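Reading through the structure tokens given below for one structure.
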Amino acid sequence: MMAFCIAQIPQWLAEPGLQHFLIISAILFSLGLLAVITRRNVIMVLMGIELILNAANINFIAFTRYSTLSLEGHLIALFVIILAAAEAAIALAIVLNIYQRFSTVNVDEISTLRE
Amino acid sequence: MDLYAIFFYFFGLLTVASAFVVVFARNIVHSAFALMFTFFGVAALYVLLYADFIAVTQLLVYVGGILVLIIFGVMLTTKVFSVEVKTGTLNVLPATLFTAIIAGMLIFVFYVTDWNIIPDQEWDTTVYGIGALLVNDFILPMQVAGVLLLVAMIGAVMMAARERSKS
Amino acid sequence: MEFSIFGIGILTWVVFLPVLGMIVVLLLPKGSGLAIRVTTVVATGLQLLLAGLIFAKFDRSWLGINDPESFQFVEMYRWITVEAVPWVGRIEINYFLGIDGLSVLMVILTALICFIGAISSWNIERLEKGYFALYLLLATGMMGVFVALDFFLFFVFWEVMLLPMYFLIGIWGGARREYAAIKFFIYTFVGSVLMLIVMLALYFSVTYVDPATGEKVHTFNLLMMMDPGNYEPGSVLFGVDTTWRYAAWILLFIGFAIKIPLFPFHTWLPDAHVEAPTPISVILAGVLLKMGTYGLLRISYPIFPDATVHYMYPMAILGVISIIYGALCAMAQTDFKKLIAYSSVSHMGIVVLGMAALNTQGMVGAVLQMFNHGTITAMLFLIVGVVYDRTHKRGLNDFGGLANQMPKYTGVVMVAFFAALGLPGLSGFVSELFSFLGAFDTFRTLAIISVSGIVLTAAYMLWTLQRVFLGQLPEQYKNLPDLSTREMITFVPLAVIVIFLGVYPAPAIELMNASLSYLVEVVRAGGEFAIIP
Amino acid sequence: MTSDTLIQFALYILFLPLLGFVALIFFGKRLPRQGDWFGTGILGITLILSFIILFVKLISYPAETFISQFTWIDFGDVPFIGPISIELGIMLDNLSVIMLVVVTLVSFLVHLFSIGYMQGDVRYSRYFAYLGLFSFSMLGIVITHNFLMMYIFWELVGLSSYLLIGHWYEKKSASDAAKKAFIVNRIGDAGMFIGIMILFVTFSTFTFEKIFDSIAIGMIPFGSEAWLTAAGILIFCGAIGKSAQFPLHTWLPDAMEGPTPVSALIHAATMVAAGVYLIARTFAIMTGDALMVITYIGAITAFIAATIAITQFDIKKVLAYSTISQLGYMVMALGTGAYTAGFFHLVTHASFKAGLFLGSGSVIHAMHEALHNKHDHRTDPQDIRNLGGLRNKMPITYLTFLIFTLAISGVPLTSGFLSKDEILAGTLGFASVTGHYLIPFIAFIVAGMTAFYMFRIFILTFHGNHAEPSRLNDIHESPAVMTIPLIVFAAFSIWIFYSFNPFGATSGWFYFAIDRPMSVVPSVVQPVAADIFKEAVHHSHTLAMILSIAIAGLGILFAFVVYHFRKLDADNLAKAAGPFYNLSYNKWRFDEMYDKSVVNGTMGLSNLSAWFDNYIIDGIVNGSATITRWWSKFTGRFDNVVIDGLVNFSAYFTGFSGLILRKFQSGKVQTYIVFVIFSIIVFFFIFRTF
């Protein structure tokens, strides 16, 4: 099966289908994940999260377009966007409070809850 | 290579590149701005996928709302002098390794599985479909989303108010 | 044959009368020494009376041994029934008493010895309430063993007898009493453990169809165990001459041999006797030693006739060794009680020899010897008691010339000593005669060897008589008082029995003739019997 | 006088002494004169009754035997054997009737004598009680009709001899002698018991009658003659023990420790004769070989005892050895087949030997009194070297003693001559038939020696001058109650009571009453046939008489030469005899031999077994106890170290691993996410399907 896929790569590249969108979302997801893990700054972590959510939306929309998932994919994407907004708002409010209190936004320095 | 492919590769590349910048930028302000481009790229992809209403919402909410919030966040928390803008990283090596493996896995899976592709169909605007679904099948999530947003707002306001009383 | 007083069978009365006495003794206030002693004597006296009644009403012609109809004074009540025990079904243990020719003599002996023991323990001072209570419990235990026909009940009484004995030796004994008591207890306990194993094996092999419900029920009933028909085909002890049956017989034999005591297992006896107080060693020698041989006759012989015939010769050899070895050891002792203990080993060897001969004269001789040895050795220990109470010394060389100082006492001693060495005209001779006649009939050379035993017995008995009673009287014993009336009461009945049974033993022999002949037939039928030169 | 009155009289004779014994034991002290006349009276009655039985039996019922028996124990129908029942009872035939008279006569006279002899003894009444017991058991032996009762009374006789020998038990030597007597007898009885067992096992009865009849019809023990011979010899063992024959004779000389009348009664006339009586009673079942063994044992005993008697100095020891020798004579006679002669010698010997003992008793009694007056307790009244010259001081004792000595040495006109002559004729006849000439040779030599040693003590005690002349005037004749028995015995030692012709006993009433019983033994092992034997005896009768008179005369002459006329000095004669003298003087060292071998052997064995018992068997028991204790200690320690160790280790391990794992819980969310991703990757690879 592997041999079959490699032979058709040039022709595959020509017309972007479902798989291409999935690959882009995969890349976006990994980068978001990378950001969440490696960055010490809380806001960077938030950005990472936003990237991950977008990757997810791309998948939903791609499936609605290419596969059997009807318009519901769009609706889910919509709700994801709504929630992302709410989440970003609250997150930032928290971050500001932390910043106010601890004057730092680095994740590993905020460790008062940990003994 | 029809037009569709060209647009796809262009916007795809845009999104991925800006995502790279977001992640690997030393300066947090640069990554914030790079984020904007990422959102635009994504919205473009939605258009390519005939999801017009979602593309617009994307633009409105993400670029208009969330991005602005993040930038506020950045600006408020990075005193140009005390907190150096450069953000540090921790245990980078294992994280990048694992993320690369995850990406490889996902790409491999997406590439290998033969999806259930349905033949093309005529796409026209999806707004009416979305609207009908919203008020018929998804009426409960709609309301809950509404309540949620309200709660989020009150929460944000509460935290902000407490800030002033303390300082 | 039924006989009950106030609705309760006479055997239950005989067994549990001492327990009533014990309860009364326990209720009495601490200080009332006399009342305690009187209750004990009355209880054992009544028991003796009942034993006399049994002797009178006993029907000599009934056979007993293994056919349930011909046991006398039978009492059978359901005692323990446990329903539906997993993979075993119903467990049924019944309170089954009965006597036949074999056990009637033992019942009379136990009653007599307990009565005499009660009188002779008159001057026990320490913790008298505890002493007499335990004494009566011991009496019940012993009597129970001789009348129980259910293996479980037999085993319970066997253990009930063991405990008070341990305390009686352990608390009221002599210098090394703890060692002796523990040794006695553990030794006998090992024996009873072996017996328990065989009991369980038998229990699981024997079943009988319950007439009411028609289901197969396991049972402890000895008489059921004797009938080969009741054995489950696949069970452990099924069949004839199987190695399991031999193993079971050997285990039982070891268990009982410890009690007899037989040659290799006898070392507990001298210690137990030396340390036990006089009345207790009277009981120990008078009755306890008979349980071993009685057990063999009641359980091993009828249930495993094939194994009995198979191991007849080794058993006889052990008997002969006991006779010779016991006599030789007795000759080398310097302690009066130890000497008599070893003489008991020798006399019980004669019982085993008689039993192993598997013919009527041998069997009658053996059971009569059990009875005679009981009475004679009881007298011997009472004699030691008399001397020990006066001088607190037991060494044979500490005394001399007591004959002219205590004439009545010497008269009694003469009767006891000459009965012990088997002088004709006294009971010891009659039973030895028949045991040797029986033994001679089956194993000639063994009987000839064991006859040398009577010469050895004569030697050490007369030597003891000479060292203690003849010769010069040491001055410190110038004022030793002769026998008191109480002591005379303990001696006279025994002396009368010893002389009467010596002259005319028919009443005792008639009692057991039928049963023992029948036992011989049962055992001989079990295996192929061979006359060994 | 019908037969059942005879039986009744016999029962009275048997049980009267027992009554006497019981009465004297319990009420001895309270009876007048402590019951001595009471005991003697009882024996007097039994004597009269037995005389009556003797005359009635011999005159009106010479050939019958009266038996009355009762069932002692009935075993019913014994499996595999058939009905067994044991009967006890009495039997009166000529043999037992004569023995009755002998026993009661001697017993009565000894009772009479003891009244004088035992005056003032500390246990006077008990002495007479024991005499009564002895008489009862001896009479029991005489009139029993079965082996079992014979064995019972056999042991009772042993018991009463034990009690009487040990009468003065303050002396250790007396109690030792009594113990020795009883044990040696017991050894003999054990042999007899085995013999009886052999017979009982085959015939399942003890009665003589039944056993003799069943052997006659061919039933023999275990189907072989060898066992019948064995049974015969084993029963003879009982006789060896009781009549002090060769291997078991050492107890009789020691038994002289008892009072002299006891020696007279028991160790001269009755008890020791019981062995001979037993052989006579069971003569019918004795096979040829058994009789041969009996003959030789008798001969050896006679010879040994005679040689020892020559050199002894204690008067009672000499008489004791002479008794053993005479018993050997009787046994030899029975063995050779001279049945009536043997039994006749028993009867005559009873009277003169009892007389001899009583004579020596009265001498000792007199000497004792003399020494007592002199308060000299050192010199031994029994040693003949301290005696001498009592002839005119004690005339009656002297005369009766002379008659007894003549009788025992077989001088004509005495009863001893009649019986000894018959025996010598018998031995000659036996030799001529069977060729064993050693037997008559020994018989004649012993006859000579007997004459020599008897006259030796006679001369040394009565003739010559007294060792201590000052003592002579204190010695005087014993009182009447002691001399009357002597006179009666002297009378019975004359020939007239037994047969009118002083030289031929066979014509007397005795030979008419007693004759040799038919042997029931199967023909192949028959002893010498009766008629051939009688024929041979008749031939050698005259030769035997001449020879016996000659040898007796020689013996007497030699004794006079050495001791009366002092021609040859006794001491240098002893030196000349050298080793033989020492051998004889030390009683052939039997006692030492037995002590070393049997007695020390048993004692050694008993100590060994006691040691074995204490250390080996008890060792094993205690050893097992220590091993169990050690094992429990080991398990205790094992339990602490190993199992506890494991428990502690596991606790420690948990703590340790907890410490390590705590590090992972660092509180950094991002590290958790890294773990999550890591595990996703791992799961992906685990469940991959490509």
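The values are calculated or read from the model by the stated rules, or taken from the named source; none is laboratory data. Quantities reported herein were computed from a predicted structural model and do not represent experimental measurements. Cβ atoms come from the backbone with ideal geometry, glycine included; neighbour counts cover every protein chain shown.
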Task: Flag if C:Ile93 is in a helix (DSSP H, G or I) and either surrounded by fewer than 24 Cβ atoms within 10 Å (Cβ to Cβ) or in contact with a helix residue (DSSP H, G or I) (Cβ under 7 Å, 6 or more places away or on another chain) (or both) - done: no
Task: D:Val56 being surrounded by fewer than 21 Cβ atoms within 10 Å (Cβ to Cβ) and of a type outside the set (Phe, Trp, Tyr) - done: yes
Task: Subset of segment C:1-42 that is surrounded by 18 or more Cβ atoms within 10 Å (Cβ to Cβ) and small (Gly, Ala, Ser) - its residue that is modelled with the lowest pLDDT - done: C:Gly9
Task: Unique match (being part of a helix (DSSP H, G or I) and either closer than 24 Å to B:Ala103 by Cβ or touching a Gly at 6+ places or on another chain (Cβ under 9 Å) (or both)) among A:Asn57, A:Asn97 - done: A:Asn57
TODO: Scan segment D:677-690 residue by residue and report those that are β-branched (Val, Ile, Thr) and either more than 11 Å from chain A (Cβ to nearest Cβ) or surrounded by fewer than 10 Cβ atoms within 10 Å (Cβ to Cβ) (or both).
DONE: D:Ile681, D:Val682, D:Ile686, D:Thr689
Task: Of all residues in segment C:192-223 being touching a Leu at 6+ places or on another chain (Cβ under 6 Å) and of a type in the set (Gly, Ala, Ser), the one that is farthest from C:Leu162 (Cα to Cα) - done: C:Ser205
Open item on the list: For segment B:48-66, give me each residue that is part of a helix (DSSP H, G or I) and crowded, with 18+ Cβ neighbours inside 10 Å.
Closed with: B:Leu48, B:Phe53, B:Ile54, B:Ala55, B:Thr57, B:Gln58, B:Val61, B:Tyr62, B:Val63, B:Ile66
Open item on the list: Being surrounded by 16 or more Cβ atoms within 10 Å (Cβ to Cβ) and under 24 Å from the mean Cα position of the chain (by Cα): is that true of A:Leu83 here?
Closed with: no
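Collect the residues in segment C:440-459 that are assigned to a helix (DSSP H, G or I) and among the aromatic types (Phe, Trp, Tyr), keeping them in residue-number order.
Filtering segment C:440-459 for residues assigned to a helix (DSSP H, G or I) gives C:440-442, C:444-459.
Of everything in segment C:440-459, just one residue is assigned to a helix (DSSP H, G or I) and among the aromatic types (Phe, Trp, Tyr), namely C:Phe440.
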Task: Only listed residue being of a type in the set (Phe, Trp, Tyr), at positive phi, touching a helix residue (DSSP H, G or I) at 6+ places or on another chain (Cβ under 9 Å) and within 12 Å of chain C (Cβ to nearest Cβ), chosen from D:Phe200, D:Phe193, D:Phe136, D:Phe222 - done: D:Phe222
- [ ] Considering each of A:Ile98, A:Ile76, A:Ile49, A:Ile94 in turn, give the residue that is under 23 Å from B:Ile70 (Cα atoms), out of contact with any Cys (no Cβ under 8 Å at 6 or more places or on another chain) and modelled with pLDDT of 90 or more.
- [x] A:Ile49
Task: Failed item in (1) within 7 Å of chain B (Cβ to nearest Cβ); (2) crowded, with 22+ Cβ neighbours inside 10 Å, with A:Ser25 passing the rest - done: (1)
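State whether one or more residues within segment B:73-84 are surrounded by fewer than 17 Cβ atoms within 10 Å (Cβ to Cβ), over 21 Å from A:Leu51 (Cα atoms), at pLDDT below 85 and within 7 Å of chain A (Cβ to nearest Cβ). Quick ask: steps written out before the conclusion?
Taking segment B:73-84 as the starting set, the residues that turn out to be surrounded by fewer than 17 Cβ atoms within 10 Å (Cβ to Cβ) are B:75-76, B:79-82, B:84.
Those left that are additionally over 21 Å from A:Leu51 (Cα atoms): B:76, B:79-82, B:84.
Add one more test, that the residue is at pLDDT below 85, and what stays is B:76, B:79-82, B:84.
Next, from what is left, pick out any that are within 7 Å of chain A (Cβ to nearest Cβ): B:76.
Yes: segment B:73-84 contains one or more residues that are surrounded by fewer than 17 Cβ atoms within 10 Å (Cβ to Cβ), over 21 Å from A:Leu51 (Cα atoms), at pLDDT below 85 and within 7 Å of chain A (Cβ to nearest Cβ).
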Task: segment C:1-26, residues that are within 25 Å of C:Ser61 (Cβ to Cβ) and in a strand (DSSP E or B) - done: C:Ser4, C:Ile5, C:Gly9
Task: All positions within segment C:213-263 that are touching a Gly at 6+ places or on another chain (Cβ under 6 Å) and of a type in the set (Lys, Arg) - done: C:Lys259
- [ ] Give segment B:1-15 a look and list any residue that's surrounded by fewer than 17 Cβ atoms within 10 Å (Cβ to Cβ) and either within 14 Å of the chain's Cα centre (by Cα) or within 10 Å of chain A (Cβ to nearest Cβ) (or both), or say none.
- [x] B:Met1, B:Asp2, B:Tyr4, B:Ala5, B:Ile6, B:Phe7, B:Tyr9, B:Leu13
Open item on the list: When you scan segment A:41-62, do you find a residue that is facing another protein chain (nearest Cβ under 7 Å), surrounded by fewer than 22 Cβ atoms within 10 Å (Cβ to Cβ) and in contact (Cβ under 8 Å) with a residue 40 or more places away in the chain, even just one?
Closed with: no
Task: Enumerated helices (runs of 4 or more DSSP H) restricted to segment D:558-668, each holding at least 3 residues that are more than 14 Å from chain C (Cβ to nearest Cβ) and of a type in the set (Ser, Thr, Tyr) - done: D:579-585, D:645-664
- [ ] Identify all residues within segment C:458-483 that are more than 10 Å from every other protein chain (Cβ to nearest Cβ), surrounded by 14 or more Cβ atoms within 10 Å (Cβ to Cβ) and among the polar types (S, T, N, Q); write none if there are none.
- [x] C:Thr464
Task: Whichever residue in segment C:430-451 is at the interface with chain D (Cβ under 10 Å from one of its Cβ atoms) and surrounded by fewer than 24 Cβ atoms within 10 Å (Cβ to Cβ) and, among such residues, is nearest to C:Tyr311 (Cα to Cα) - done: C:Thr442
Task: Flag for D:Ser540 being touching a residue at least 24 places away in the same chain (Cβ under 8 Å) and either β-branched (Val, Ile, Thr) or more than 24 Å from D:Asn94 (Cβ to Cβ) (or both) - done: yes
Open item on the list: I'd like the residue in segment C:464-520 that is in a helix (DSSP H, G or I) and among the small types (Gly, Ala, Ser) and, out of all such residues, is farthest from C:Ala332 (Cα to Cα).
Closed with: C:Ala514
Open item on the list: under 21 Å from C:Ser120 (Cα atoms) and more than 14 Å from chain D (Cβ to nearest Cβ): is that true of C:Lys408 in this structure?
Closed with: no
- [ ] Sort out for me the helices (runs of 4 or more DSSP H) sitting completely within segment C:324-439 that have 3 or more residues that are more than 28 Å from D:Met603 (Cα to Cα), among the hydroxyl-bearing types (Ser, Thr, Tyr) and in contact (Cβ under 8 Å) with a residue 24 or more places away in the chain.
- [x] C:360-391
- [ ] Please work out if D:Leu88 is at pLDDT 85 or above and either assigned to a helix (DSSP H, G or I) or under 29 Å from D:Val481 (Cα atoms) (or both).
- [x] no
- [ ] Starting from residues that are of a type in the set (A, V, I, L, M, F, W, C) and at the interface with chain B (Cβ under 7 Å from one of its Cβ atoms), keep the ones in segment A:7-20 and report whichever is surrounded by the most Cβ atoms within 10 Å (Cβ to Cβ).
- [x] A:Leu18
- [ ] Looking only at segment C:223-246, decide whether some residue is within 26 Å of C:Thr110 (Cβ to Cβ), polar (S, T, N, Q) and at pLDDT 85 or above.
- [x] no
Task: Enumeration of residues in segment B:110-133 that are surrounded by fewer than 16 Cβ atoms within 10 Å (Cβ to Cβ) and within 23 Å of the chain's Cα centre (by Cα) - done: B:Thr125, B:Val127, B:Gly131
Task: Hey, C:Ile454 within 24 Å of D:Met150 (Cα to Cα), within 8 Å of chain D (Cβ to nearest Cβ) and surrounded by 23 or more Cβ atoms within 10 Å (Cβ to Cβ) or not - done: yes
